[in-house]
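A short worksheet on the structure shown next.
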Amino acid sequence: MKIVHVAVEMAPLAKVGGLGDMVGGLCKDLAKLREDVEVILPNYSFLKTRKLPIECHSFKYLQDGKLNRVCLTKLDNLSVALIDHKKKDYFHRPNIYGYSDDAERFVYFSCAALEYLLEKKETIDILHVHDWHTSICAVLYKEVFEKKGLKIKKIVLNIHNVEYQGICCPGLLDIIGLESKKHLTNGCVNLLKEGIIHSDAIIAVSPTYAKEILTKENGYGLEGVLKANEKKILGILNGIDYTVWNPKTDKNIFFRYSPKDRVEKIMKIKAKNKKALRKELGLEIEDKPLICSVGRLVYQKGPELIEHAINSSVKHDAQFVLLGSTHIEELQKKFSNLESKYKKHKDISINFTYDEKLAHQIYASSDFIIIPSLFEPCGLTQMIALSYGTIPIVRKTGGLADTIFDVDEKNKTKNGFTFYGFNKKELDEALERALRYWNQNGVKLQKLIKSAVSSNHSLSSVAKEYLGVYKKLIS
Ligand code: ADP
């Protein structure tokens, strides 16, 4: 089967969050299943492709007659096509997102991706697009490229986060040959909404999120159009790439351990990692629990509850390490104030950066990870934490509800601490229960750690599920 993914993130080349992890890991695993898989990605100037075999050529961007460039490379068995505009600096910037012309950049990219496929003259079984950035491909194919001779059997749209929709001015669609009048919502174009209407199948990144997006609370205004397309919607829980997130082989961490080791040994080596991390971050080396938070600092992640968890940790004589980055000014201020407040504090380490290596070290060293999200489509940090024996404390929403089961829950594999209400009181209760487990340091904690490291959220089984969906679609 010829499967083409068009996305703006793909780990390890270009990643900001879970979208990158998922596209990179899923495509790698689909290719391992001997499918013919290609990923089309913008050719960001920061990509580290120097060590990869690469071959570039130009092709016409039909909309303005100017030239595109495509560079073809391979990551293991996976074909990757990197596209950029020869004249415009759409992707010659330090970051993936955060520019006033993001919609223009990604609409251009979506259109250029289809032109590249048209030029190849191959029949594509599945075109798989991700989030608002590339969802317009579905409309473009049906209204423009099919008539030009491009052959795509079915188009799948993955919704990783319905909050981001790509609302832009209609002029952008005219540039790529679409009749914008046909695609207006309140005088604007909503790129995600167009993808929802025109794709053949929609996959939300967890079963709970697939239901949540149909509600007013979590549909962010698209619940109506999603409800109307409900028959096309399916929830498939994301997974993680265990060749990247494995404490046995992880070259980023200080001391390695295997999930198969006896739990006493795992705890001993985690304690050694904790000591090394404390040294690195300037935290006091004392017998205290270490709680962490790793993620984008955006409202979805519950920044006020993360701040509260930091304050609560101090009260409970626990340590806290935060790794996060944000483009939101208000949150930058909030966390900078917090950083100043705890600058000399021996138990708090606040790190405003994107640092892949530090993230690995934090997962391997911490006792608990706290994820108090307002909503969480899937969430990968809880799965990653589990694989390092770090116990999640999460709010029961979206994919967190599908993966983390409270120690006091019946009939489930218990692997963490959960709470329901998006408030400080319920978070505190969960945090206190977790700290009690740590202080007792008994068999119950050991069982929990063993259950965490034994969990399996492998992307290779997720890839099989996706393949099943593809086969059903084209049969
Ligand atoms: P989202 O997709 O909403 O950002 P996920 O939990 O699905 O959240 O995925 C987050 C991914 O990004 C994880 O791999 C996490 O380790 C990584 N990540 C997030 N923020 C940072 C950071 N500041 N430094 C390093 N890695 C980060």
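The values are calculated or read from the model by the stated rules, or taken from the named source; none is laboratory data. Predicted model, so just to flag it, every value in this text is computed and none were measured. Using ideal geometry, Cβ is built from the backbone for each residue, glycine included, and neighbour counts are taken over all protein chains shown. SASA here: full protein model, heavy atoms, side chains in, ligands and nucleic acids out. Shrake-Rupley method; radii C 1.70, N 1.55, O 1.52, S 1.80 Å.
The table below lists the values:
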item: As computed over the stretch 101-255, the Cα convex hull volume per residue (Å³); result: 157 Å³
item: Rounded percent of accessible protein surface that carbon and sulfur make up, the chain, 1.4 Å probe; result: 51 percent
item: In the stretch 387-475, trypsin sites (Lys or Arg not before Pro) in a DSSP loop with at most 11 other beta-carbon atoms within 10 Å; result: 410, 412
item: Value of Rg to Rh for the stretch 373-429 (Rh from inverse mean 1/r over Cα pairs, i.e. Kirkwood); result: 0.94
item: Diffusion coefficient, µm² s⁻¹, Stokes-Einstein with Kirkwood Rh over alpha-carbon pairs of the stretch 33-161 at 20 °C and 1.002 mPa s; result: 140 µm²/s
item: Span from the the stretch 413-454 Cα centroid across to the the stretch 169-245 one, whole angstrom; result: 35 Å
item: Dipole axis of the stretch 335-468 (+1 Lys, Arg; -1 Asp, Glu on Cβ), positive-most option in 419, 386, 437; result: 437
item: Whether the stretch 150-193 is rounded, prolate or oblate, judged on the alpha carbon gyration tensor where a/c under 1.5 counts as rounded; result: oblate
item: Rg/Rg_globular for the stretch 359-465, with Rg_globular taken as 2.2 N^0.38 Å and Rg from C-alpha atoms; result: 1.02
item: Descending principal axes extents, the stretch 310-405, alpha-carbon based, whole Å; result: 37, 28, 28
item: Angstrom value of the Kirkwood radius, inverse mean 1/r, which spans all Cα pairs in the chain; result: 23.3 Å
item: Estimated FRET transfer efficiency when R0 is 41 angstrom, pair residue 48-residue 228 (beta carbons, to 0.05); result: 0.45
item: Difference of contour (0.36 nm per residue) and Cα-Cα distance, residue 456 to residue 341; result: 37.5 nm
item: Test item: Cα-centred dipole of the stretch 127-176, Lys/Arg +1 and Asp/Glu -1 on Cβ, debye; result: 400 debye
item: Sparse-neighbourhood loop sites, chymotrypsin sites (Phe, Trp or Tyr not before Pro) in the stretch 32-106 - DSSP loop, at most 12 other Cβ within 10 angstrom; result: 46, 99
item: Charge dipole (the stretch 209-339, unit charges on Cβ, about Cα centre) - positive-most of 276, 314, 297; result: 276
item: Solvent exposure of the chain as accessible area per residue, Å², 1.4 Å probe; result: 42 Å²
item: Loop sites in the stretch 165-250: trypsin sites (Lys or Arg not before Pro), DSSP, at most 15 other Cβ within 10 Å; result: 248
item: Given charges at beta-carbon only (K, R positive; D, E negative), |dipole| of the stretch 195-351 in Debye; result: 720 debye
item: Relative contact order, percent, the stretch 400-444 [alpha-carbon distance under 8 Å, six or more residues apart]; result: 23 percent
item: For the stretch 139-226: rounded, prolate or oblate by the Cα gyration tensor [a/c cutoff 1.5]; result: oblate
item: Unpartnered cysteines - no second Cys beta carbon under 4.7 Å - across the chain; result: 27, 111, 137, 168, 169, 188, 292, 378
item: The chain, dipole about Cα centre (Lys/Arg Cβ +1, Asp/Glu Cβ -1), debye to the nearest 20; result: 1220 debye
item: Selection from 137, 155, 176 lying farthest towards where the dipole of the stretch 134-191 points positive, charges on Cβ; result: 155
item: Whole-angstrom gap from the stretch 84-140 to the stretch 338-407, using each part's C-alpha centre; result: 32 Å
